Each structure stands twice: as C-alpha cells, then as structure tokens.
Amino acid sequence: LAVAGFLPEHLSVSVEDNQLVISGAQPDDKSRTFIHRGIATRQFQRRFVLADGIEVARAGVDNGLLSVDLARPKAESVVRKIDI
C-alpha cells in the first residue's frame, strides 16, 4: 500500500473480525496554512477481508510503501480411523 508522507508511528495495522484494517492519520500542523492538501496529508482507512486461517505475520514501511506479510499456518495432517 502506498503511504508516502506517513511515518510508521502515524499508521495503524490491525485485524478485526477477519478483516485487515490499515489506517493512517497525521497530526495537524497549526503553524502552517495550506492552499491544497494532497493525498500524502489526508487520513485514510482501508479494509481487506482475510480468508479463514490467515494470520498477519508482520508489517513494515520502506520507501513510502507499507508491506504486510500474511501467513497460513500449516495444518498438521492427522489420520483418523473412522469405524463403519
């Protein structure tokens, strides 16, 4: 996700009800007057639906890009004998 202009402390990554929620908000700078606020200074929130069993392994920001690593834990194959 492109997050140019946002510092890691201004971003939030969480999982709520099988949804990955990414939000960003920058504090207002009252000492500056803006004619136009570009995309880099707006607040945002994005939601992504996760499949069952998917876990968020880690998240990091590098050169204005937020990357979120997802993992699907391997299920142990268990052989069960079912009586007929």
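Residue separation times 0.36 nm, minus the C-alpha to C-alpha distance between SER31 and ASP17: what's the value?
Values: separation 14, 0.36 × 14 = 5.04 nm, distance 3.95 nm.
Going from the current span to full extension adds 1.1 nm.
Show me the three semi-axes of the equivalent ellipsoid for the chain, from the C-alpha gyration tensor (sqrt of 5 times each eigenvalue), largest first, rounded to whole Å. Before the final figure, lay out the partial values.
On the way: eigenvalues 337, 29, 15 Å².
So the three semi-axes of the chain are 41, 12, 9 Å.
Which Cα, out of SER23, ALA59, VAL78, lies furthest along the positive dipole direction of region 9-84 (beta carbon charges, K/R +1, D/E -1)?
Looking along the dipole axis, the top candidate is SER23.
So how strong a dipole does the chain carry about its Cα centre when Lys and Arg Cβ are +1 and Asp and Glu Cβ are -1, to the nearest 20 debye?
Numbers: 11 positive and 11 negative charges, 46 e Å.
Charge dipole of the chain: 220 debye, to the nearest 20.
Heavy-atom accessible area per residue, the chain, 1.4 Å probe: how many Å²?
Solvent-accessible surface per residue comes out at 85 Å².
Compute the FRET efficiency between HIS10 and LEU70 as 1/(1 + (r/R0)^6), taking r as their Cβ-Cβ distance and R0 = 22 Å, and round to the nearest 0.05. Display every interim value, and only then the final one.
Numbers: r = 22 Å, r/R0 = 1.02.
The value I calculate is 0.45.
The values are calculated or read from the model by the stated rules, or taken from the named source; none is laboratory data. Nothing here was measured: the structure is a model prediction, and the numbers come from that model. All Cβ positions, glycine included, derive from the backbone under ideal geometry; neighbour counts span all protein chains shown. Surface areas here come from the heavy atoms of the whole protein model, side chains and all, with no ligands, DNA or RNA. Shrake-Rupley method; radii C 1.70, N 1.55, O 1.52, S 1.80 Å.
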